[in-house]
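Presented below is the structure to which this report refers.
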Amino acid sequence: MKVTEPENRHPKWAVLALCALILAACPAHSQFLETTVWLPDSFGGLLWPQHMLYDPANGLVYVGGEVGECVSVFDPSTLEKVAKVPVGLCVSDMCLSHGGGRVWAAAGSSNTVTAIDARTNTVLGTVSVGHNPSSLAMADSLGKLYCANAGMAEGPYDSTVSVIDVEQVSEALRYAVCFRPLVLCMAANLDKLYALGVVGSFAVAISTVPDTVLYSVNIPGYTISLLYNSRERKCYIHRRVHTAIPMLDALTDSLAGEIVLEGRPLAFDYDYGVNRLYCATDAFELAVVDGETDSVLAVHAVGWTAAAVMYVLFQDLVYCANAGDGTVGVVSPDSGVVAVVPVGVWPAALCHDSLTRRVMVANSRSHNVTVIDADADTVIGSVQLGDSPRQLCHHPGQSKVYCASLHSGLVTVVDDRTNLVIANVRSGDAPAALCAIGDKLCCANEKSGDVAVIDASADSVLQTVLVGSGPAALCPAEGVGKVYCANYGLWPDQDSSVSVIDATSGRVIATAVVGNRPCAVACHPAVGKVYCANYGSATVAAIDCANDSVVAIIPVGRSPRALAVCPDQAKVYCASEWEDVVTAIDADADTVVATVSVGQQPVALCCAGGILYSANRWSGDVSVIDCRADSLIATIPVGDKPVALTYDSLHGLVYCVNSGSDDVSVIDCALNVVVATIPVGDEPEALAWSPAYGRMYVANYYGSSLSVIRDTSAAGITDFRTADALLHRRQPTIVRGTLVWSAATPLLRNVGDIALQSRAKLLDATGRVVMSLQPGPNDIRHVAPGVYFVEEGPRGQGSQGPSVRKIVIQR
């Protein structure tokens, strides 16, 4: 006996198939972090280096910084990074345990001290200490490590020193000392430790056998560091705003006079062999002080704003890192400066290797280490610690993703089929923007004021084109074969120009004068214009692509930051960062047609099928604007500090990068809700979408990496699927009042030799039939708003089965 299914019920296979399709249509079940691509190696990611030490046992240099949550390890003889050791956030001090072959790193923002095995460069253990550990002092003979817990200036406060058992890698004791102890200084030959309080200016003498506080000495002024003279048994005290250096008698723990200098001390070092103190001051001088008589023997001119001073015994020279002018002054204590070596930006720390006779300089603001030949006083090379990827661009013709890294000056090329790095192209100084045009890629280099034109097939620079100052944004105009470059101006200089580059010849063929500090450009091909947002003059300039002349200057809100084109409505939208508005511009008339209030500090826009999305950095949300009515229709909470948006048109999704929470929010364009939140690397900044392989690439500025997010919601998706296969995936459709269904679709035509009658039904999310659909308009005003599915096509022998399309019914 044959049983016929009722009209409102489905065979089991159909229900299961429908459920599978519903799940596949839900992005929350399909986006995931596929992999991480390191730039250019797995040892990068450290930024703002501020501490460095050399381990003579293994011949390696260890570097700690403010950002990256790691210690970077490199070989000074080969200039190659050899390890990246995870530690806490913001390395505030480092020291070496000579007996145990260990490196110790205090992480001020994580309240931890990490022990690193220097033989294997792996973590031995992590010790939780007090709040904001700021200084370390090693008592090797006692097997103890002391850690000053300074707390924060605005609170929470701390007044303790932690005692760490070096062998057990654990806190053995914590006791109170002075208020907010900032630095420690070991007087090993007296079994004493000195702790200096930054607030209240107290120096505390501590016995290390046993661990007890002995005395407290009042030191006038704002004190910031200590240095011990083991021959004379006294401490030199560094005060921030005074020209005199007080001295503390370590035998009696009392003040023992002061050394008066011409300028305020900035950094110092001590030479035990000849008993001399070397002190750099803000008078751009290095004072040489006799350690016995405390008298100034000589004063030598050095560079601007010394951040570190180091005496090198094998050279009998003093190296002074001049942060203000990016140099290292090499000074003979007797005769003065013998060399000035240019290094990186803001050199902040020094160390040396006596075996290879090299001096290493950590450059805080260029995020690298310069290696100097100490015999020739010349730069051998540098080690880049962090790449800082800031821009991405997908080249569809080459199946490649290009990543511009600010500090390494590289454009890294990633194969979007395999996620492998296939090339690193040196484009220029501080690459800031990318765009693809034809078979080429253009890269704007902020500091060198030029644009590198790269052959996208060979991944090599064809030519470098000089443009204006501080090029900050690029946009291609494919129809006329041009690239438009907005020149923002390299701070503090300003610029007001857009350079026009012929993509074929690679030459600047025109320069358009626009408003002050142009920062964003967007091409509207339908009207043949390029629009430029001028951050400093609160205007948008319209440039005619035919003759590259400015045809209109359009006033908008304060500090215009981002542009987006809505081709369906012939409009251009401009986000004004400090006025919290998005301005709609009629691209035909070049006039303002609407101003829409959005969240706080809008910094990025993207248009998705007649809907505009605005990422609002300060309020942590995305504003949704209907481009037809220019009205706000939704506000979507996302992560902390959203800064970039990209539309995935194949899946109907908008991806939002949240730089503050280190994640990406995935927004369903049909529902205007976040359907997935995916953790990525440190401080993500940019996105690039590869439609052929369903991958979204995320540039992690502080992580020196790319996070690859995969979307496998399309049925049959594989690693090497083609773009054509994805183009047939049907997208959610927003319907209001009337649902128009057409039977004239490929899925509803003949299958084989059997002519099949077209049928369609409207199903709810549970698979229940809501109503049958007829070809043409169907009145759905009685249907409740929500997510539904249109089941198209016949069931039966010879059929391929029904096709299901997702729709959203709104009032």
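The values are calculated or read from the model by the stated rules, or taken from the named source; none is laboratory data. This one's a predicted model, so the numbers in the text were calculated from it and none came from an experiment. Positions of Cβ are backbone-derived with ideal geometry, glycine not excepted, and every protein chain shown enters the neighbour counts. Ligands, DNA and RNA are stripped out before the accessible areas are found, and what is left, the full protein with its side chains, is counted by its heavy atoms. Shrake-Rupley method; radii C 1.70, N 1.55, O 1.52, S 1.80 Å.
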Open item on the list: Could you tell me how many cubic angstrom of Cα convex hull volume the stretch 39-97 has per residue?
Closed with: 79 Å³
Open item on the list: Let me check I've understood the local charge: for S254, count other residues with C-beta under 14 angstrom from its C-beta, Lys and Arg +1, Asp and Glu -1. What total comes out?
Closed with: 0
Open item on the list: Restricting everything to alpha-carbon atoms, can you work out Rg to Rh for the stretch 213-342 with a Kirkwood hydrodynamic radius?
Closed with: 0.97
Task: Listed residues F284, V331, I224: farthest to the positive end of the dipole of the stretch 181-336 (Cβ charges) - done: I224
Task: the chain, dipole about Cα centre (Lys/Arg Cβ +1, Asp/Glu Cβ -1), debye to the nearest 20 - done: 2980 debye
Task: Pairwise Cα inverse-distance average, inverted: Kirkwood Rh of the chain (Å) - done: 30.2 Å
Open item on the list: Please report the equivalent ellipsoid semi-axes of the stretch 269-333, computed as sqrt(5 x eigenvalue) of the Cα gyration tensor, largest first, in whole Å.
Closed with: 19, 13, 8
- [ ] For the stretch 376-454, report the translational diffusion coefficient in µm²/s to the nearest whole number, using Stokes-Einstein at 10 °C, 1.306 mPa s, and a Kirkwood Rh over Cα pairs.
- [x] 122 µm²/s
- [ ] Evaluate the Kirkwood expression for the hydrodynamic radius of the stretch 337-468, namely the inverse of the mean inverse distance over all pairs of different C-alpha atoms, and round to one decimal in Å.
- [x] 16.2 Å
Task: Linear extension gain, A629 paired with D455, 0.36 nm per residue minus alpha-carbon span - done: 58.4 nm
Task: Rg followed by Dmax, in Å, when the stretch 178-268 is reduced to its Cα trace - done: 12.2, 41
TODO: With a probe of 1.4 Å, find how much accessible area the stretch 316-419 has per residue, and write the answer as a whole number in Å².
DONE: 29 Å²
TODO: May I ask for the Rg/Rh ratio of the stretch 459-528, computed from Cα atoms with Rh as the Kirkwood radius, given to two decimals?
DONE: 0.98
Task: Eligible aspartates and glutamates near K400 by straight Cα distance, threshold 13 Å, same-chain separation 8 or greater - done: D415, D416, D439, D455, D459
Task: Accessible carbon and sulfur surface of the chain relative to its total accessible area, %, 1.4 Å - done: 52 percent
Task: Whether the stretch 607-703 is rounded, prolate or oblate, judged on the alpha carbon gyration tensor where a/c under 1.5 counts as rounded - done: oblate
- [ ] Could you provide, to the nearest whole Å², the per residue accessible area of the stretch 553-641 with probe 1.4 Å?
- [x] 37 Å²
Task: Principal axis dimensions, the stretch 277-388 - Cα atoms, whole angstrom, descending - done: 49, 30, 20
TODO: Taking the chain as the reference, fit the longest principal axis to its C-alpha atoms, fit the long axis of helix 12-25 to the helix C-alpha atoms, and give the angle between the two in degrees, 0 to 90, nearest 10.
DONE: 50 degrees
TODO: Mind pulling the per residue volume of the convex hull built on the Cα atoms of the stretch 183-225? Å³ is fine.
DONE: 62 Å³
Open item on the list: Regarding the stretch 409-473, what's the average projected area of the Cα-atom convex hull, expressed in nm²?
Closed with: 4.1 nm²
Open item on the list: Restricting to Cα pairs below 8 Å that are 6+ residues apart, what does the relative contact order work out to for the chain? Please round to a whole percent.
Closed with: 7 percent
Open item on the list: Give me P(r) over the stretch 84-203, computed from all C-alpha to C-alpha distances, binned every 10 Å, as integer percentages.
Closed with: 15, 49, 30, 6, 0
Task: Environment charge of Y175, counting only residues whose C-beta is closer than 14 Å and scoring Lys/Arg +1, Asp/Glu -1 - done: -1
Open item on the list: Viscosity 0.890 mPa s, temperature 25 °C: what is the translational diffusion coefficient of the stretch 148-190 from Stokes-Einstein with a Kirkwood Rh over Cα pairs, rounded to a whole number of µm²/s?
Closed with: 213 µm²/s
TODO: Pull up all non-local amide H partners of S225: gap of 5 or more, or a different chain, and H-to-H distance under 5 Å with H placed in the peptide plane.
DONE: H238
- [ ] Could I have the simple spin-label model distance between T305 and D165, label points 7 Å from Cα toward Cβ, reported in nm to one decimal?
- [x] 4.5 nm
Open item on the list: Shape verdict for the stretch 352-415, please, from the Cα gyration tensor: rounded (a/c under 1.5), prolate (a/b greater than b/c) or oblate.
Closed with: prolate
- [ ] With 26 Å as the limit, write out which pairs from K482/K571; K482/K641; K144/K234; K84/K447 have Cα-Cα distances beyond it, or answer none.
- [x] K482/K641; K84/K447
Task: Calculated on alpha-carbon atoms, Rg and Dmax of the stretch 639-682 in Å - done: 10.0, 30
TODO: May I ask for the percentage of alpha-carbon pairs in the stretch 231-282 that lie more than 16 Å from each other?
DONE: 42 percent
Task: Net charge over other residues, Cβ less than 13 angstrom from the Cβ of D75 (K, R count +1; D, E count -1) - done: -1
Open item on the list: Can you pull out the GluC sites (Glu not before Pro) in the stretch 217-265 whose DSSP state is coil and whose Cβ has at most 13 other Cβ atoms within 10 Å?
Closed with: E262
Task: Per-pair calculated FRET efficiency, R0 = 45 Å: V513 and Q600 via Cβ, rounded to 0.05 - done: 0.90
TODO: Keeping all protein chains in place, calculate the accessible area per residue for the stretch 78-237 (probe 1.4 angstrom), answer in Å².
DONE: 38 Å²
